[in-house]
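The structure under discussion is supplied below as structure tokens; questions concerning it will follow.
The values are calculated or read from the model by the stated rules, or taken from the named source; none is laboratory data. Fair warning: this is a prediction, and the values are worked out from it, not measured in the lab. Methodologically, a virtual Cβ is constructed for each residue, glycine included, from the backbone with ideal geometry; neighbour enumeration extends over all protein chains shown. These area figures cover heavy atoms from the full protein model, side chains too; ligands, DNA and RNA do not enter into them. Shrake-Rupley method; radii C 1.70, N 1.55, O 1.52, S 1.80 Å.
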Amino acid sequence: MILEAQAAGRPVIASGIGGMAEMVKDSETGLLVPPGDAAALAEALRTAAGDADLWARLAAAQPRTSHERFVDAHLDLYRTLLEGEARGMTPADGSFLLPGSATVAEVRLSLVLPGGAVSLA
């Protein structure tokens, strides 16, 4: 649920253990409380509910979602291939064979994302 909350721009209040402590930076992207400490959890909830500036700062600091990083990495790869800069991956004639015998020069990519479409020509 942490990834979903961050993707929605929502700060997280979580126990400061394991993966949760790695994903939430205390007082930067959310609030961490000691595991099993109900009083600390209640205080974190009161603090978050009562301090709109804190909540807005935490919300603004949410990391880019993993799917955005994934899309960016793949777009970079496709751009590199389309520009012929795939070092060591292209044959001497400059073509790069893809499944179905299409070359990179013949590939056109369009992605439809929640914020709009991205096209590589």
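Scan the helices (runs of 4 or more DSSP H) fully inside the stretch 1-79 and keep the ones with 2 or more residues being free of Cβ contacts under 8 Å to residues at least 60 places away in the same chain and within 19 Å of the chain's Cα centre (by Cα).
Result: 2-7, 18-23, 52-60.
Which number in (1) of a type in the set (S, T, N, Q); (2) at pLDDT 85 or above; (3) exposed (fewer than 14 other Cβ atoms within 10 Å of the Cβ) marks the one condition that Ser101 misses?
(2)
If a residue must be buried (at least 16 other Cβ atoms within 10 Å of the Cβ) and touching a helix residue (DSSP H, G or I) at 6+ places or on another chain (Cβ under 8 Å), how many such residues does the stretch 36-47 contain?
Qualifying residue count, the stretch 36-47: 0.
I've got another one for you. Within the stretch 22-35, track down each residue that is over 16 Å from Ala61 (Cα atoms) and surrounded by fewer than 16 Cβ atoms within 10 Å (Cβ to Cβ).
Result: Pro34, Pro35.
When the residues of the stretch 48-83 are filtered to those that are among the aliphatic types (A, V, I, L, M), open to solvent by 50 Å² or more (accessible area, probe 1.4 Å) and farther than 18 Å from Ile13 by Cα, which remaining residue is modelled with the highest pLDDT?
Looking at residues that are among the aliphatic types (A, V, I, L, M), open to solvent by 50 Å² or more (accessible area, probe 1.4 Å) and farther than 18 Å from Ile13 by Cα, I get Leu77.
All but one of (1) open to solvent by less than 80 Å² (accessible area, probe 1.4 Å); (2) over 24 Å from Gly18 (Cα atoms); (3) modelled with pLDDT under 70 hold for Ser119; state the number of the condition that does not hold.
That leaves (1) as the condition not met.
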